[in-house]
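Trainee: One structure, pasted below without further comment.
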Amino acid sequence: MTEDLPPETGWRGSPEVWLDAALALLVEGGIDAVRIQPLAKRLRIARTSFYWHFTDRDTLLAALADSWVARTTTGLVAACAEYADSRAEAMLNVISCFLDDTAFDSRLEHAVRAWALQDATITARLHAEDDTRIAALTALYHRWGVMGVEADTRARAVYLTQIGYISMQVTESLSTRMARIPSYVELFTDAAPTPRELARFHARHGFIP
């Protein structure tokens with residue numbers, strides 16, 4: 001029906017506009033929802049305008065995968081390299097990344113993991129990004145003098161704990177999460193955060209105990 005079609009405005013959008021809409025559809029409805037016609041309808045842009053920016057749907061999906069990496073792996077690797085005065089503070093930097101959707105987009109991560117269940121190419125990309133993230137966490141332990149299998153195992157404990165939160169779609173209030181974080185830090189580093197370190201961490205996330 002004609003009322004379902006977007007009006008011809010002459011505006012074709014931009015690659016970023018189409019990609020942002022595709023990311024939203026991926027999170028909301030999974031990869032099968034990411035189709036050109038639903039995107040055009042969502043943006044109220046003519047369907048043909050899509051082809052000014054992307055060759056086809058596969059090109060868009062490749063851009064989606066790149067955007068996922070930029071919104072997850074990039075932030076975690078940066079957090080692992082961030083300056084810290086202590087082991088505890090370094091781990092708080094990593095946890096901060098997971099609490100900040102601009103650094104690590106948990107909803108997008110969950111959507112991509114679901115996508116990987118039906119796409120072997122994305123499964124391979126996911127495994128590669130898992131390896132990159134674990135390598136960054138392992139390097140963090142190396143800086144503390146923890147080496148070999150112990151460093152690898154501890155890095156996996158940190159990473160798989162967070163991926164478990166995401167995969168199980170665990171929901172906690174900020175106060176509940178904050179109450180648990182000192183214990184997580186001590187579990188992962190054998191060092192409890194100091195009151196000063198916790199105060200800075202709380203301020204970073206706008207949390208008042």
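Trainee: Mean-square fluctuation check for the chain, GNM, Cα pairs under 10 Å: which of ARG196, ARG87, ARG47 is largest?
Mentor: ARG196
Trainee: Where Rh is the Kirkwood radius over the Cα pairs of segment 68-121, the temperature 20 °C and the viscosity 1.002 mPa s, what D in µm²/s does Stokes-Einstein return? If you can, show how the numbers build up before the last one.
Mentor: Numbers: Rh = 11.9 Å.
This corresponds to a translational diffusion coefficient of 180 µm²/s.
Trainee: Which of ILE95, ILE166, ILE45 moves most in a GNM of the chain, Cα contacts under 10 Å?
Mentor: Comparing ILE95, ILE166, ILE45 in the GNM, the peak value goes to ILE45.
Trainee: Additional query: Rounded, prolate or oblate: which fits segment 109-156 when a ≥ b ≥ c are the square roots of the eigenvalues of the alpha-carbon gyration tensor, with rounded for a/c under 1.5 and prolate only if a/b beats b/c?
Mentor: Prolate, because a/c is 1.5 or more and a/b exceeds b/c.
Trainee: Only four residue types carry charge here, +1 at the Cβ of Lys and Arg and -1 at the Cβ of Asp and Glu. Report the dipole size of the chain about the Cα centre in Debye, rounded to the nearest 20. Walk me through the numbers before you get to the answer.
Mentor: Working: 21 positive and 27 negative charges, 46 e Å.
Taking the Cα centre of the chain as origin, the dipole is about 220 debye.
Trainee: Hey, what did the chain get for relative contact order, percent, Cα under 8 Å, at least 6 apart? Walk me through the intermediate numbers first.
Mentor: Details: 186 pairs, mean separation 37.4, N = 209.
It comes to 18 percent, rounded to a whole number.
Trainee: If you don't mind, there's one more thing I want to ask. First select every other residue whose beta carbon is under 13 angstrom from the beta carbon of ARG180; then total the charges, Lys and Arg +1, Asp and Glu -1. List each step's numbers first, then the result.
Mentor: Numbers: positive: ARG177; negative: GLU172, GLU186.
Residues close to ARG180 contribute a combined charge of -1.
Trainee: Quick one: if you stick a label point 7 Å off each Cα along the C-beta vector at LEU187 and TRP144, how many nm between them?
Mentor: 1.4
Trainee: Quick check: residue separation of ASP20 and ALA124 times 0.36 nm, minus the Cα distance between them. What number comes out in nm?
Mentor: Working: separation 104, 0.36 × 104 = 37.44 nm, distance 2.35 nm.
Full extension of this stretch gives 35.1 nm more.
Trainee: Heavy atoms only, probe 1.4 angstrom, no DNA, RNA or ligands counted: give me ASP85, ASP105 ranked by accessible area, highest first.
Mentor: Working: ASP85 110, ASP105 30 Å².
Ranked list, largest accessible area first: ASP85, ASP105.
Trainee: Still on this model: Over the alpha-carbon set of segment 1-115, work out the extent along each principal axis and list the three values in angstrom, largest first.
Mentor: Principal-axis extents of the Cα atoms in segment 1-115, largest first: 62, 24, 22 Å.
Trainee: Here is a further query. Go through segment 142-157 residue by residue and turn each phi into a ³J(HN,Hα) via Karplus (6.51, -1.76, 1.60, θ = phi - 60°); whole Hz please, and just put x for glycine and proline.
Mentor: These are the phi-based 3J(HN,Hα) values: 4, 5, 8, x, 8, 10, x, 4, 4, 4, 4, 5, 5, 4, 5, 4 Hz.
Trainee: How big is segment 154-201 along each principal axis, measuring the range of its Cα positions in Å and listing the largest first?
Mentor: So the three principal-axis extents are 32, 26, 13 Å.
Trainee: To the nearest whole percent, what portion of all C-alpha pairs in segment 60-170 is separated by more than 23 angstrom?
Mentor: On the way: 1611 of 6105 pairs.
Counting every Cα pair in segment 60-170, those more than 23 Å apart make up 26 percent.
Trainee: Need one value: the accessible area of HIS205 in square angstrom, 1.4 angstrom probe, rounded to the nearest 10.
Mentor: The accessible area comes out at roughly 50 Å².
Trainee: Now a separate question. How big is the Kirkwood radius of the chain, worked out from every pair of different alpha carbons and given in Å to one decimal?
Mentor: That comes to 19.0 Å for the chain.
Trainee: Which value, to two decimals, describes the C-alpha radius of gyration of segment 122-190 once divided by 2.2 N^0.38 Å?
Mentor: On the way: Rg = 13.6 Å, N = 69, 2.2 N^0.38 = 11.0 Å.
Relative to the 2.2 N^0.38 Å estimate, segment 122-190 comes out at 1.24.
Trainee: Loop sites only, by DSSP: take the GluC sites (Glu not before Pro) in the chain that have at most 13 other C-beta atoms within 10 Å and name the longest stretch containing none of them. It would help to have the intermediate numbers written out before the result.
Mentor: On the way: sites that count: GLU8, GLU172.
After excluding every exposed loop site, the longest remaining stretch is 9-171.
Trainee: Report the calculated FRET efficiency for GLN169 and ARG196 (r = Cβ-Cβ distance, R0 = 35 Å), to the nearest 0.05.
Mentor: On the way: r = 34 Å, r/R0 = 0.96.
Calculated transfer efficiency: 0.55.
Trainee: Considering only TYR141, THR55, ALA124, whose Cα is most displaced toward the positive end of the charge dipole of segment 54-209, charges sitting on Cβ of Lys, Arg (+1) and Asp, Glu (-1)?
Mentor: Selected residue: TYR141.
The values are calculated or read from the model by the stated rules, or taken from the named source; none is laboratory data. Because the structure is a prediction, the values reported are computed rather than measured. Reconstructed Cβ throughout: ideal geometry from the backbone, glycine too, with neighbour counts over all protein chains shown. For accessibility, only protein heavy atoms count, side chains too; no ligands or nucleic acids. Shrake-Rupley method; radii C 1.70, N 1.55, O 1.52, S 1.80 Å.
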